[in-house]
Amino acid sequence: MVVDMGRDGRQDTVELVYRPTRADTLAGVRLRERRRRLHLVRWGFTALFGAGAVLVVTSPESSALSFATAVFCAAWVWSIPHIQANHALRTVSWQGQYRTSVSGTGIVAETEHATLLQRWSVFRGYRETRDHVVLLSRDPNILLVEVLPKRGLHSPQDAERLLALLSHHLPRV
């Protein structure tokens with residue numbers, strides 16, 4: 001773990017070391033979806049297609065194809081976050097292990113192939129889940145989601161320091 005001592009003696013950098021997983025990406029996608037209230041639309045369409053499947057089954061002149069189509073559409077709409085998470089994981093997983101440093105400057109994510117510095121001005125806020133800290137971008141559609149898995153931290157004290165550092169620069173959303 002790299003720790004940078006600032007002028008006032010406090011620890012200013014928290015480092016995470018992890019390999020992205022599907023659960024990490026799914027946590028970011030779900031949080032983004034809830035923040036934009038897209039989960040209501042997704043569940044509405046899932047219920048609509050599910051109700052269509054029930055109507056097809058109860059109709060005396062229904063076809064198996066209509067039932068299968070309605071069930072398929074309901075399942076597909078319900079699984080959209082999982083599809084997005086799988087796609088995003090394929091996009092980043094080939095880069096291997098991530099070393100992410102959170103400091104007063106921002107967040108630096110480094111892999112064997114790339115280094116990315118994201119200043120605090122990129123983000124609108126953060127949300128803590130049980131296993132992750134998710135940062136949401138400032139743009140209206142929240143196109144950028146940074147997921148920091150807590151398993152990448154070296155100790156429970158690092159989690160407290162990470163949250164304190166984030167709280168100093170970003171609001172909890």
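The values are calculated or read from the model by the stated rules, or taken from the named source; none is laboratory data. Predicted, not measured: the structure shown is a model, and the values here were computed from it. Heads up, the Cβs are rebuilt from the backbone with ideal geometry, glycines too, and the neighbour counts pull from every protein chain shown.
Exactly one residue out of Arg138, Arg119 is of a type in the set (Lys, Arg) and either closer than 24 Å to Arg19 by Cα or at pLDDT 95 or above (or both), and it is Arg119.
Taking the numbered list (1) in contact with a strand residue (DSSP E or B) (Cβ under 8 Å, 6 or more places away or on another chain); (2) at pLDDT 90 or above; (3) crowded, with 16+ Cβ neighbours inside 10 Å in turn, Trp78 passes all entries but (1).
Run down Arg22, Arg90, Arg99 and say which single residue is without any contact (Cβ under 8 Å) to a residue 60 or more places away in the chain and closer than 22 Å to Leu116 by Cβ. On inspection, the qualifying residue turns out to be Arg90.
Checked against the criterion of being at negative phi, surrounded by 15 or more Cβ atoms within 10 Å (Cβ to Cβ) and outside the structural domain of Ala159 (by TED's automatic domain parsing), the candidates Phe67, Phe72 yield just one match: Phe67. Could you count how many residues in segment 121-146 are in contact with a helix residue (DSSP H, G or I) (Cβ under 6 Å, 6 or more places away or on another chain), part of a strand (DSSP E or B) and farther than 19 Å from Leu38 by Cα? The total comes to 1. Please go through (1) in contact with a strand residue (DSSP E or B) (Cβ under 9 Å, 6 or more places away or on another chain); (2) assigned to a loop (DSSP other than H, G, I, E, B); (3) touching a residue at least 12 places away in the same chain (Cβ under 8 Å); (4) more than 16 Å from Val14 (Cα to Cα) for His154 and return the number of the only condition it doesn't satisfy. Status for His154: all satisfied but (4).
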